[in-house]
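The values are calculated or read from the model by the stated rules, or taken from the named source; none is laboratory data. Owing to the predicted nature of the structure, the values given are computational and were not obtained by experimental measurement. Don't worry about glycine lacking a Cβ; one is built from the backbone with ideal geometry, like all the others, and counts go over all protein chains shown.
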Amino acid sequence: MSVAVRAARREDLAPIVAIYNHYVRTSAATFDLQEVAVDDRTEWFEAHTHGGPHRLLVAVDDAEGVLGWATSSTFRPRPAYTTTVECSVYCRPDARGRGLGRLLYERLFAELAHEDVERMVAGVALPNPASLALHARFGFRRIGVFTRVGRKFDRYWDVAWFEREARPPA
């Protein structure tokens with residue numbers, strides 16, 4: 001497998017949305033309840049593809065196309081939060097277990113090291129052992145669990161929240 005991690009391009013948007021919609025349909029990894037359309041994600045895409053602290057990266061294989069993506073997004077809309085980003089990673093179901101989440105986060109965090117970012121946060125709907133292991137690998141520290149904060153698939157879900165410094169000490 002020859003995978004490259006790079007900034008997302010406009011032609012990547014449809015596969016990014018397809019990956020996301022898989023999790024909308026099948027998982028509590030996102031609390032969206034309805035699939036999103038490519039046209040509805042254009043503004044989001046544009047907000048993450050011009051550098052700065054909000055990035056969108058893709059893992060791409062020449063033969064298989066887009067295999068996964070990672071993003072750093074606005075944590076909260078108020079100005080004092082601009083140095084905090086929320087990080088997420090999604091992989092195509094047939095590409096999970098190949099280390100793509102690690103590759104995507106390595107590149108994302110390397111790029112964010114040059115931005116005005118102090119803190120990274122992530123929320124993980126429980127249970128999700130793979131996501132918990134990925135975030136632990138990158139030094140995210142569990143802050144706490146919000147219980148029963150999301151309802152999807154006729155059940156309530158807990159969300160564990162994590163944080164890490166943007167540039168952890170060596």
Quiz item: What is the number of the single condition among (1) over 23 Å from residue 68 (Cα atoms); (2) at pLDDT 95 or above that residue 105 does not meet?
Solution: (1)
Practice problem: Scan the stretch 26-41 residue by residue and report those that are of a type outside the set (S, T, N, Q) and either in a loop (DSSP other than H, G, I, E, B) or under 17 Å from the mean Cα position of the chain (by Cα) (or both). | Solution: 28, 29, 31, 32, 33, 35, 36, 37, 38, 41
Quiz item: Which of (1) loosely packed, with under 14 Cβ neighbours inside 10 Å; (2) more than 14 Å from residue 5 (Cβ to Cβ) does residue 110 not meet, given it meets every other one?
Solution: (2)
Exercise. Run residue 11 past the list (1) more than 22 Å from residue 152 (Cβ to Cβ); (2) within 13 Å of the chain's Cα centre (by Cα); (3) outside any loop (DSSP other than H, G, I, E, B); (4) not aliphatic (A, V, I, L, M) and report the number of the one that doesn't hold.
Key: (2)
Practice problem: Mind listing whichever residues of the stretch 129-151 are in contact (Cβ under 8 Å) with a residue 12 or more places away in the chain, surrounded by fewer than 16 Cβ atoms within 10 Å (Cβ to Cβ) and out of contact with any Lys or Arg (no Cβ under 9 Å at 6 or more places or on another chain)? | Solution: 142, 143, 144, 145, 146
Quiz item: Considering 80, 70, which residue is touching a strand residue (DSSP E or B) at 6+ places or on another chain (Cβ under 7 Å), under 26 Å from residue 161 (Cβ atoms), at pLDDT 95 or above and not β-branched (Val, Ile, Thr)?
Solution: 70
Practice problem: Can you tell me which residue within the stretch 43-79, out of those that are touching a helix residue (DSSP H, G or I) at 6+ places or on another chain (Cβ under 7 Å) and more than 22 Å from residue 123 (Cα to Cα), is surrounded by the most Cβ atoms within 10 Å (Cβ to Cβ)? | Solution: 66
Quiz item: Which of the residues belonging to the stretch 54-67 are modelled with pLDDT of 95 or more and either under 15 Å from the mean Cα position of the chain (by Cα) or of a type in the set (A, V, I, L, M) (or both)?
Solution: 54, 55, 56, 57, 58, 59, 60, 66, 67
